[in-house]
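K.L.:
Before anything else, here's the structure in question.
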Ligand SMILES: Nc1ncnc2c1ncn2[C@@H]1O[C@H](COP(=O)(O)OP(=O)(O)O)[C@@H](O)[C@H]1O
Ligand SMILES: [Mg+2]
């Protein structure tokens with residue numbers, strides 16, 4: 001599978017940057033000619049992954065780094081990678097359970113949204129090292145284009 | 001994001017404008033909580049007409065405020081959620097606990 005286009009960016013772990021990250025990924029993904037509804041879902045997914053890095057990985061410390069990479073593949077699929085070097089996840093299986101949160105004031109729905117709105121989700125994590133979330137979504141061939 | 005709080009007798013109407021994410025969740029929680037602590041508030045209306053985006057951080061504030069209102073035998077209503085926002089609300093199941101209305105007028109009419 002060939003990468004047709006990609007964007008990679010890094011930013012400080014500030015809550016202000018969550019909206020920047022999701023808008024940036026949404027703008028890039030619009031090259032796929034997907035629907036507005038698809039774009040809305042992609043925004044939620046990025047928002048969840050980046051928020052997790054800020055709150056959980058770095059426990060709201062604002063001097064850390066978060067990296068986002070978005071790629072569009074030949075087959076019209078979109079791949080999003082969000083990476084932090086925070087505290088990592090001890091028990092990934094538990095973290096992925098719907099409504100599980102290590103913070104009682106949160107909903108525990110972040111991973112559930114990521115999984116539901118994307119076709120694939122992989123979480124790599126090492127306690128003390130950090131976490132990488134890899135998300136993939138395939139889009140059908142645009143019908144108008146196919147007949148053009 | 002802008003938060004507009006209006007007290008009408010024992011009802012607190014909260015109008016939110018902008019994107020309801022991590023950045024604004026904490027501020028929204030504080031503003032609402034400082035008002036609903038008062039015993040006299042029996043109803044909380046969240047007007048989301050001008051909310052263009054919500055994620056699980058925003059949902060957390062809504063669910064938490066529902067729990068608070070419920071604990072004091074009060075009521076909560078959500079008004080004017082756009083289709084995109086409504087989808088996220090439905091996903092969390094909050095619509096089973098908090099009734100959703102098109103407009104503030106619709107609540108008054110029931
Ligand atoms: N990047 C991360 N670094 C460390 N822990 C994480 C990270 N992302 C998620 N987690 C853990 O997984 C749990 C579930 O995440 P999520 O489904 O987004 O729910 P929530 O953010 O509401 O807690 C979190 O409570 C946290 O313990
Ligand atoms: Mg989360």
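K.L.:
Which FRET efficiency, nearest 0.05, do residue A:76 and residue B:37 yield, Cβ-Cβ r, R0 35 Å?
P.N.:
That gives a FRET efficiency of 0.10.
K.L.:
Same structure, new question: Cα-based Rg of region B:40-89 per 2.2 N^0.38 Å, rounded to two decimals?
P.N.:
1.17
K.L.:
OK, next. Can you give the Rg and Dmax of chain B based on its C-alpha atoms, in angstrom?
P.N.:
Computed over the Cα atoms of chain B, radius of gyration and Dmax are 12.6, 35 Å.
K.L.:
In Å and whole numbers, how far do the C-alpha atoms of region B:62-109 stretch along each principal axis, longest first?
P.N.:
Its Cα atoms span 30, 27, 13 Å along the three principal axes.
K.L.:
What percent does the relative contact order of region B:1-40 come to when contacts are Cα pairs within less than 8 Å and at least six residues apart?
P.N.:
Relative contact order for region B:1-40 comes out at 36 percent.
K.L.:
Further question: Nearest-5 percent of antiparallel DSSP beta bridges in chain B?
P.N.:
Among the beta bridges of chain B, antiparallel pairing accounts for roughly 30 percent.
K.L.:
Right, here's the next one. If you take the C-alpha gyration tensor of the protein assembly as shown, multiply each eigenvalue by 5 and take the square root, what semi-axes do you get, largest first, in whole Å?
P.N.:
Computed over the protein assembly as shown, the values are 34, 22, 15 Å.
K.L.:
Follow-up. Helix A:16-29 against the longest principal axis of chain A: what's the angle in degrees, Cα atoms only, rounded to the nearest 10?
P.N.:
So the helix axis and the longest Cα principal axis differ by about 20 degrees.
K.L.:
Show that you can apply the helix-only estimate: for the protein assembly as shown, add -39,500 (n - 2.57) for every DSSP H stretch of four or more residues, divide by all residues, and state [θ] at 222 nm to the nearest 500.
P.N.:
Dividing the helical sum by the residues of the protein assembly as shown leaves -11000 deg cm²/dmol.
K.L.:
If you find the alpha carbon centre of region B:63-110 and of region A:82-104, how far apart are they in angstrom?
P.N.:
Taking the Cα centre of each part, region B:63-110 and region A:82-104 sit 28 Å apart.
K.L.:
Using the alpha-carbon atoms, what tilt in degrees (0 to 90, nearest 10) does helix A:36-52 show relative to the longest principal axis of chain A?
P.N.:
20 degrees
K.L.:
What translational diffusion coefficient, to the nearest whole µm²/s, does chain A have by Stokes-Einstein, given a Kirkwood radius computed over alpha-carbon pairs, a temperature of 37 °C and 0.692 mPa s viscosity?
P.N.:
209 µm²/s
K.L.:
Counting pairs of alpha carbon atoms under 8 Å apart in space and at least six apart in sequence, what relative contact order in percent does chain B give?
P.N.:
Once normalised by length, the contact order is 25 percent.
K.L.:
Using a Förster distance of 22 Å, how high is the FRET efficiency between residue A:31 and residue B:87, based on the Cβ-Cβ distance and rounded to 0.05?
P.N.:
The calculated FRET efficiency here is 0.40.
Each reported figure results from applying straightforward, stated rules to the coordinates on display, with no laboratory input. What you see is a predicted model; the values in this text were computed from it and never measured. Cβ coordinates were reconstructed from backbone atoms using ideal geometry, including for glycine residues, and neighbour counts include every protein chain displayed.
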